[in-house]
Amino acid sequence: MAGHDDQILTTLKILIIGESGVGKSSLLLRFTDDRFDQDLSATIGVDFKVKQLEIDGNRVKLAIWDTAGQERFRTLTPGYYRGAQGAILVYDVCNRASFRQLDRLWISELDTFSTKPNIIKMLVGNKIDQEESREITRDEGARFARKHSMLFIEASARTREGVQIAFEELVQKIIQKPSLWENQQKSEKTIHPGETDHSDESGQGCYC
Ligand SMILES: Nc1nc2c(ncn2[C@@H]2O[C@H](COP(=O)(O)OP(=O)(O)OP(=O)(O)O)[C@@H](O)[C@H]2O)c(=O)[nH]1
């Protein structure tokens, strides 16, 4: 029966980044637990959830890191990024500042700290249930994604729209690039937030 660990193709590390309040934790909660909480508190440091997903007949385990958007809660930045095969960059379609910050901060931070040069990026414009307050058109989001070679989807953690597909498309693209995950199988190891990883010091091992 699918779901046993020996049937898992690989474990992938996925990051969710973006400004505070754009809905990163809400997207994760919707994806992992199919829940939405109107009064979710701000993330402090990093949250971490694991979920299995079946893509094109392959079962993969996702370790999803939800990072704090607020500067004062972001203390371990390089560690978040290390070894990640995929990143979800989130903005709020009703908040232009959160869109602008992708260019000013989040993309360059990802480029600086990512240890995998071909990491797959998915841009998510969240909160499309608030159409009346929209500040960023779908077209503008799509153009920005194209410019930065990112996948793109609009979503609402509140209504579920686009959430599952955002994660699935990202994972599908990662699976299609075996160079991102293939040789971590032998030494597969999962580091949880707060644990120390020494694998880089020896020049081998992985961080997944
Ligand atoms: N209407 C609407 N509200 C949303 C949606 N997603 C999140 N929210 C609300 O937006 C607020 C912030 O959501 P969070 O998920 O905590 O945002 P975050 O990006 O994780 O914030 P930090 O943890 O501070 O980085 C909460 O009140 C959520 O209920 C959405 O799709 N639609």
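The values are calculated or read from the model by the stated rules, or taken from the named source; none is laboratory data. Every value quoted in this text rests on a predicted model; they were computed, and no experiment measured them. Cβ: placed from backbone, ideal geometry, glycine included. Neighbour counts: every protein chain shown.
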Selection over segment 18-53 where residues are farther than 19 Å from GLY162 by Cβ and assigned to a strand (DSSP E or B) yields a count of 5
Would you call LEU62 within 14 Å of the ligand (Cβ to nearest atom) and either surrounded by 13 or more Cβ atoms within 10 Å (Cβ to Cβ) or not in a helix (DSSP H, G or I) (or both)?
no
Scanning segment 135-160 residue by residue, the ones that are without any contact (Cβ under 8 Å) to a residue 60 or more places away in the chain, crowded, with 20+ Cβ neighbours inside 10 Å and within 10 Å of the ligand (Cβ to nearest atom) total 1
Filter segment 94-134 for residues that are surrounded by 14 or more Cβ atoms within 10 Å (Cβ to Cβ) and among the acidic types (Asp, Glu); the one that is nearest to the ligand (Cβ to nearest atom) is ASP129
- Task: With respect to ASP47, determine if the residue is at pLDDT below 90, of a type in the set (Asp, Glu) and either farther than 24 Å from HIS148 by Cα or touching a Lys or Arg at 6+ places or on another chain (Cβ under 9 Å) (or both).
- Result: yes
The residue that is farthest from the ligand (Cβ to nearest atom), considering only those in segment 8-25 that are among the β-branched types (Val, Ile, Thr) and crowded, with 22+ Cβ neighbours inside 10 Å, is ILE14
In the set GLU169, GLU132, GLU109, the lone residue that is under 18 Å from ARG30 (Cβ atoms) and acidic (Asp, Glu) is GLU169
